[in-house]
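A.B. asks: Encoded as structure tokens, here's the structure I'll be asking about.
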Amino acid sequence: MGRPEVRARKGVNMTSVVRLHGVAKTYRVGTVDVEALRGITLDIHQSRFTVVIGPSGSGKTTLLNLVGAIDVPTSGSVELCGQDLAALKDDALSEFRARHVGFVFQGFSLMPVLSAFENVEYPLLLVGMPLSERKQRTMVMLEAVGLADQRHRRPNELSGGQKQRVAIARALVKQPDVVLADEPTANLDTKTGAAIIELMREVQAKFHTTFIFSTHDPQLMSHSDETFVVRDGRLVPPAHEVRA
């Protein structure tokens, strides 16, 4: 099928940072083939707040996993920052993902034995950043999310909103081109969710990061620069109403 209609705001960067062409993903479940995605073709533009919506089981998370190089398509191509991901071997793909992609999960996925500072610092350890630069960048990100004074606390000493702020700082500390967020406000109350959305908007404006979300949250949908709707593994026009 052709490219879908996209709801977009004027005056934003139209350079594509993500390109999917004819992407399909089939999983083998026992003796049954399950088609999670069916011929997805789309472009996601740089420095945008992009939202992927659709009913549960529609393929949203699979789509994010392919963009983030966590999974590979059964057919079709995925390009990220101009790189065809299929051309990279395992080690090169892991390094590319570590440098270009950040992840925010609805369950926070923080390491419980580490402080907020250490959780944010950890991705920089993985890419071998020198100590002084690592410490400085970690503090900059904690200040950006308003948690510099909570840096010594472990996750069990933080509220849900604070944990998500740490997760956002951790995703952004590498200064990735793309941040993928799977239902980032799902475990938060309405007020905290609104504060997290506003924080991500501020971070986007400051660091020019491309955010890609899967969500059912109307608050998050209302902030999108562009919206893609997935239903039964296919793109449908955003005008179609989508229910969880």
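A.B. asks: Given the rule -39500 (n - 2.57) for each run of at least 4 DSSP H residues, summed and divided by the residues of the chain, what is its mean residue ellipticity at 222 nm, to the nearest 500 deg cm²/dmol?
C.D. replies: -10000 deg cm²/dmol
A.B. asks: Ok, one more. Net charge around K89, counting only other residues with Cβ within less than 13 Å of its Cβ (Lys, Arg = +1; Asp, Glu = -1)?
C.D. replies: -3
A.B. asks: For the range 48-126, what is the convex hull volume of the alpha-carbon atoms per residue, in Å³?
C.D. replies: Each residue corresponds to 141 Å³ of Cα convex hull volume.
A.B. asks: Separate question: If you build a Gaussian network model of the chain, linking Cα atoms that sit under 10 Å apart, which residue out of R170, R28, R153 swings the most?
C.D. replies: R28
A.B. asks: Which whole-number percent gives the relative contact order of the chain, counting Cα pairs below 8 Å spaced six or more residues apart?
C.D. replies: Once divided by the residue count of the chain, the mean separation gives 31 percent.
A.B. asks: Let me ask something else. Using a Förster radius of 35 Å, what is the FRET efficiency between L93 and D232 based on their Cβ-Cβ separation? Nearest 0.05, please.
C.D. replies: 0.75
A.B. asks: Considering the zone a paramagnetic label at V140 would reach in this model (a point 7 Å from Cα along the Cα-to-Cβ line), which residues of the range 191-206 have amide N under 19 Å from it?
C.D. replies: 200-206
A.B. asks: May I ask which residue of G193, F103, L147 lies farthest towards the positive end of the charge dipole of the chain, with charges of +1 (Lys, Arg) and -1 (Asp, Glu) on Cβ and the Cα centre as origin?
C.D. replies: My answer, from the dipole projection, is L147.
A.B. asks: Pick out which of E118, E226, E35 has the largest mean-square fluctuation in a Gaussian network model of the chain, springs linking Cα atoms closer than 10 Å.
C.D. replies: Most flexible of the set in this elastic network: E35.
A.B. asks: Could you tally the net charge around T138, taking each other residue with its Cβ under 12 Å from the Cβ of T138, Lys/Arg +1 and Asp/Glu -1?
C.D. replies: +2
A.B. asks: Modelled label-to-label distance, L131 and T15, 7 Å Cα→beta-carbon offset: nm?
C.D. replies: 3.6
A.B. asks: Please give me the summed charge of the neighbours of Q175: other residues whose Cβ is under 13 Å from its Cβ, Lys and Arg +1, Asp and Glu -1.
C.D. replies: Summing Lys/Arg as +1 and Asp/Glu as -1 gives +4.
A.B. asks: What's the magnitude of the charge dipole for the chain around its Cα centre, counting Lys and Arg as +1 and Asp and Glu as -1 at the beta-carbon? Answer in Debye, nearest 20.
C.D. replies: 220
A.B. asks: Over the chain, with a Gaussian network built from C-alpha contacts below 10 Å, which listed residue (Q204, Q162, Q136) shows the highest mean-square fluctuation?
C.D. replies: Looking only at Q204, Q162, Q136, the largest GNM fluctuation is found for Q136.
A.B. asks: Here is a follow-up. Under the Kirkwood approximation applied to all pairs of distinct alpha-carbon atoms, what is the hydrodynamic radius of the range 15-94 in Å?
C.D. replies: Hydrodynamic radius (Kirkwood, Cα pairs) of the range 15-94 is 13.3 Å.
Each value in this text was obtained by applying a stated rule to the coordinates, not by laboratory testing. On a predicted model such as this, the values are computed, not experimentally measured, just so you know. Every residue, glycine as well, gets a Cβ built from its backbone with ideal geometry; the counts of neighbours run over all protein chains shown.
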